[in-house]
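Coordinate-derived values only; no laboratory data. Bear in mind that the values here come from a model prediction, so they are computed numbers and not experimental data. Positions of Cβ are backbone-derived with ideal geometry, glycine not excepted, and every protein chain shown enters the neighbour counts.
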Amino acid sequence: MHWAVKNRWATEWKKEVMVQCHLVRHQLDKFPLQMPSVTIYLYATVPFDLDGAYNAVKPILDGLKKDYAGIIEDDSPKFINLEVKQIKVVHRKDEHVEINIV
């Protein structure tokens, strides 16, 4: 993917994460959360390989950081416990992403 297209995708993901976090912000504690467990579920017709799955969620994690949604301090292992799970779906219409923060 061309770098400019990749940058636009990453920017849109960060914006979407920020909007969704603001919708549920009242359900969460004080920000940024201290060492939360972040599980990202990727529902896809064609699953990624392991490193591809973690690479694919990078814009989502960036959207959670303090300079966007403010949910996490940073996306390094010093600040969060990250797990990425993939669920295979049959139809493209069923593809989506879910984020669970505990």
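Numerical summary
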| quantity | calculated |
| --- | --- |
| Point-charge dipole on Cβ atoms (K/R +1, D/E -1) for the range 19-101, about Cα centre, debye to 20 | 180 |
| Label point 7 Å beyond Cα of Ala10 along Cβ direction - residues of the range 32-69 with amide nitrogen under 20 Å | 40, 48-69 |
| Exceeding the 27 Å Cα-Cα cut-off - candidates Lys15/Lys78; Lys58/Lys78; Lys58/Lys93; Lys66/Lys93; Lys15/Lys93 | Lys66/Lys93 |
| Nearest-ten-degree value, helix 3-24 long axis tilted from longest Cα axis of the chain | 50 |
| Furthest towards positive pole of dipole, Val19, His91, Ile80, structure part the chain, Cβ charges | Val19 |
| Expected 222 nm ellipticity per residue - DSSP helices of 4 or more, -39500 (n - 2.57), all of the chain, to 500 | -11000 deg cm²/dmol |
| Orientation-averaged projected area, Cα convex hull of the range 3-101 (nm²) | 6.7 |
| Antiparallel %, DSSP beta bridges [both residues in the chain], to 5 | 40 |
